[in-house]
1. Could you tell me which of rounded, prolate or oblate describes the stretch 99-203, using a ≥ b ≥ c as the square roots of the eigenvalues of the alpha-carbon gyration tensor, with rounded for a/c under 1.5 and, failing that, prolate when a/b is larger than b/c and oblate otherwise?
2. Where a ≥ b ≥ c are the square roots of the eigenvalues of the C-alpha gyration tensor, would you call the stretch 34-236 rounded, which needs a/c under 1.5, or, failing that, prolate if a/b is larger than b/c, or oblate?
3. In a Debye calculation with equal point scatterers on the alpha-carbon sites of the stretch 142-237 and no solvent, what is log10 I(q)/I(0) at q = 0.16, 0.23 Å⁻¹?
4. Cα centroids of the stretch 72-119 and the stretch 139-185: how far apart, whole angstrom?
5. Could you list 144, 35, 206 so that the one with the fewest beta carbons within 10 Å of its beta carbon is first and the one with the most is last?
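What follows is calculated from the coordinates using simple rules that are stated; it is not laboratory data. This structure is a prediction, so every number in the text was calculated from the model and none was measured. Here the Cβ positions follow ideal geometry from the backbone for every residue, glycine too, while neighbour counts run over all protein chains shown.
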């Protein structure tokens, strides 16, 4: 009799535990959605600059040309997309923060990525001159983006992909917003990139020899309405 009661108690506790685990999983699933990395346009345009070394690197850039100047010149370059590289792995995490805001986090690692390196000491005019070096690299990228939830789902419904960083950053620039954000997403609020970490290693293949190291960490600071860059390096050794 005692043994039967003990077994019943154990089964009851186990059943309650299983129910709690299943409930916890369902709550977590309701608040978080995992999407394939293919639902992001990738990042073929953005560059990462180091004011100390005077270098700026553009991953995915294959060949430089002046097509499209004075506007849209970045799109005139030949690029290899994220999904055409040697290999890539990643995912997108979607988390509802409240009734109006959703946090999107992108995690991706990529191998076999071509790049070009430019002279950043020229300031905003650096893309007007040919690159200093060409090379190949691998990298890891993590990005967090804060979206208006309704806007996020309108964009996904129409384009089936999240916007690239380049268009989001252009949306914050009055001189570029109409050309690069409004033209693609008219009337949609510009999401806020709150965190970026880009780290990679590679080697030069043209116009020089050496190993390339990149480590960039950007964190949005609402007090200055700009990013803090605790780490901002592009070096050749």
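1. It comes out oblate by the Cα gyration axes.
2. Details: a/c = 1.61, a/b = 1.48, b/c = 1.09.
Verdict is prolate for the stretch 34-236.
3. Treating every Cα as an identical point scatterer, log10 I(q)/I(0) equals -0.80, -1.14.
4. Here the two parts' Cα centres lie 12 Å apart.
5. Final ranking by Cβ density, sparse to dense: 206, 35, 144.
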